[in-house]
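Each remark here refers to the structure printed beneath this line.
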Amino acid sequence: MKPRDRLRIAMQKSGRLTEPALDLLNRCGLTFRQSRDKLFCFGEGEPVDLLLVRDDDIPGLIAQGVCDLGIVGRNVLSEFKGVTGDGAAALAEWRPLGFGRCRLSIAVPQDMEYHTPQDLAGLRIATSYPGLLNQWLREKAVNASVVTLAGSVEIAPKLGTADLICDLVQSGGTLVANQLREADVLLQSEAVLAGPDALPTDERGDMIDLLLKRLDGVIQVRE
Ligand code: ATP
Ligand code: ZN
């Protein structure tokens, strides 16, 4: 791939992370010219551009070198690392960003007893995070079947396609609305700055260094 002389950051086009991510970049002194319905936003002052995409695509774009950095949930980054896990996609979490906090949790029907992960043996668990769930089941030595769904995971028990779910939880409101309750936590998540394992050795590495310094300043001020 042709070396780029501008830094490219991937972030969610439209969703929970969009506003806080843009706000954070603005606080780091980065402003962007294009309107937000575009895929590509040209950076005005600094040589830093934005790519606005679905959050699920962000780790892949960094792994492929299409983008240098990304702002994405730890849940999405960890799922990608676990599933690919082949070194070619050596991605790292560079900074936790303090927004988009949620948990990847096991949620069971209100009336189901849950004391330990072993209670899940033989049951069907619906999730959009099969990599993380399978890893957790392996660690706990539980033999359960994983039903992978792209969305609307919380209605799977009602539909009868699964006995329970493994999904993102923030306030728990969605669970209550679906007669489910949080029973165990697999991962504490928040938005993170993701990048390759090692800094690029060209000018982009210097730009990333500068951005990280500003980011640390901004995050400290906020805390
Ligand atoms: P996209 O169209 O980009 O694929 P999405 O529907 O997958 O969007 P959002 O629902 O906007 O994504 O969530 C983005 C991220 O926000 C999640 O991956 C997670 O890290 C974080 N998040 C925080 N709270 C929640 C929650 N209650 N439910 C889902 N995600 C949450
Ligand atoms: Zn998504």
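About its Cα centre, region 1-136 has a charge dipole of approximately 360 debye under the convention of +1 per Lys or Arg Cβ and -1 per Asp or Glu Cβ, with nothing else charged. What the Cα convex hull of region 102-189 gives, in volume per residue, is 84 Å³.
Arrange V66, V176, V108 by Cβ neighbour counts within 10 Å, fewest through most, would you?
V176, V66, V108
Calculate how many DSSP beta bridges within the chain are antiparallel, expressed in % of all such bridges and rounded to the nearest 5.
Details: 25 of 40 bridges.
Antiparallel: roughly 60 percent of the beta bridges in the chain.
Derived scalar couplings between HN and Hα for region 140-148 equal 8, 6, 10, 9, 10, 9, 9, 9, 8 Hz in order, rounded to whole Hz, by the Karplus curve 6.51 cos²θ - 1.76 cosθ + 1.60 (θ = phi - 60°), x for Gly and Pro.
Summarising the amide proton neighbourhood of E46: residues at separation of 5 or more, or on other chains, whose placed amide H is nearer than 5 Å comprise T31. Using a Gaussian network model of the chain with C-alpha springs under 10 Å, which one of D56, D68, D111 is most mobile by mean-square fluctuation? So, out of D56, D68, D111, the one fluctuating most is D111. Within the P(r) computed for the chain, what percentage of the Cα pairs occupies the region above 32 Å? For the chain, the share of Cα pairs beyond 32 Å comes to 27 percent. Arranged from fewest to most other beta-carbon atoms within 10 Å of their beta carbon, T201, T18 become T201, T18.
By the beta-carbon count within 10 Å of each Cβ, the least crowded to most crowded order of E79, E19, fewest first, is E19, E79. In region 102-189, the DSSP beta bridges split such that about 65 percent are antiparallel, to the nearest 5.
Every read-out reported here was derived from the displayed coordinates using simple, explicitly stated rules and does not represent laboratory data. Only a predicted model underlies this, so the values are computations on that prediction, with no experimental measurement involved. Don't worry about glycine lacking a Cβ; one is built from the backbone with ideal geometry, like all the others, and counts go over all protein chains shown.
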